[in-house]
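Please read the structure below before turning to the comments.
Just so it is clear, none of the values below were taken in a lab; they were calculated from the coordinates. Keep in mind that what you see is a predicted model, and the values were worked out from it rather than measured.
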Amino acid sequence: MTLPTLGIDISKLKFNVCLINCDGKLRHKLFPNNEAGFAQLLEWLSKQGVSNCHGCLEATGSYGEALALFLHQAGHRLSIINPAAIKAFAQSRLSRTKTDRVDSELIARFCQAQEPPVWRPPSEEVRELQALVRRLESLIEMRVMEENRLSSGIAVEVVRQSVEELLAHLNTQIRRAEELIRTHINKHPRLKQQRELLDSIPGIAETTAAHLLSEITDITQYRSARQVAAYAGLVPRERQSGTSLRGRARLSKIGNARLRRALYFPAITAIRCSSFFRSWAEGLQKRGKSKMMVICAVMRKLLHIAYGVLKTGKPFDPEWMKSA
């Protein structure tokens, strides 16, 4: 049975919806992006005679997380879509107008035409881990900003002291966040086992393991390691057409940027400290790959191996990898 589709264009304070009923009629409505707005949405859907629908919204960071979970718990089907897919769909329709109302209809049309896969929310312990890890990321970003400000030279003494005091506070908060992440993982046996499996991979230590677990969320939803790499935007994108266009293959970067950031320094560490990765990277260099291409290839390899150890429940074995 075809369900009504609900396109949701969400922002920090509000969200526009476009409902396409089974008879093709459109209904638009604007709601505040809070719990009261979520309840109003359910009441409005009920008035439209809709008890179950297929909702669709773009992956826009934290703005849509609460609404997505609310609709899922209310029994509605929900899909969370890469904004690049919506943009490409708009271009295919030669859409020239961009407003919140138009975008919500566009998302509803995309949902109706493509029938994207249904989103499954992460478990409660993974959602908490994700919140802790992202808070740690924010604290580290703030520390880098203040360190750059201090290193650039501050002539006024009281300003320099203020920056140093803030840095000391940020360092304390970072250590506390790291301890909270460690305690949280240790408290949940499945997360603890997965962290130990990831920790067996060269270059991946405790912090990177926490990042991977918080962003991959559920390894069972991926059918292959390549799917995980595509989710992270670590698959190559070739540019060839006839005889006139033969561009160099580059990373697609259409995916989870947090995963890519989390794997960059572990890839460098793996090349430097692991004979397995070092010999593999040297082989790529001999085939003419640039330094950055080699690092990206190792990032993808790390993610493939991470998928393998989590899927099989067995730690990394370089001897098995050589014969695989």
### Query
Expressed as a rounded percentage, what relative contact order does the chain have, with Cα pairs under 8 Å and six or more residues apart?
13 percent
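Helix-derived [θ] at 222 nm for the chain: sum -39500 (n - 2.57) over DSSP H runs of at least 4, divide by residue count, nearest 500? Don't skip to the answer; put the middle values down first.
Numbers: 13 runs with 192 residues, N = 324.
Estimated from H runs of four or more residues: -19500 deg cm²/dmol.
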### Task
Mind pulling up the Rg/Rh value for the range 51-168? Radius of gyration and Kirkwood radius, both on Cα.
1.19
### Approximate shape of the range 5-114 as ellipsoid semi-axes (Cα gyration tensor, √5λ), whole Å, largest first
20, 16, 13
## Note on the structure
The pairs in 187/311; 25/98; 87/286; 29/253; 98/253 lying past 30 Å Cα-Cα in this model are 87/286; 29/253
### Task
Name the aspartates and glutamates eligible as straight-distance cross-link partners of residue 314: C-alpha to C-alpha under 16 Å, and not fewer than 8 places from it in the same chain.
196, 199
### Query
Roughly how tilted is helix 206-216, in degrees to the nearest 10 and between 0 and 90, from the longest Cα axis of the chain?
20 degrees
#### Entry: Gained length - residue 62 relative to residue 135, 0.36 nm times residue gap less alpha-carbon distance
25.1 nm
### Rounded to whole Å, sorted largest first: equivalent-ellipsoid semi-axes of the range 1-44, Cα gyration tensor
21, 11, 8
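Kirkwood Rh over alpha-carbon pairs of the chain, then Stokes-Einstein at 20 °C and 1.002 mPa s: what D in µm² s⁻¹, rounded to an integer? Kindly include the intermediate steps, with their values, before the conclusion.
Values: Rh = 22.6 Å.
It diffuses with D of about 95 µm²/s by this estimate.
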### Query
What whole number of Å gives the distance from the Cα centroid of the range 110-141 to the Cα centroid of the range 259-324?
26 Å
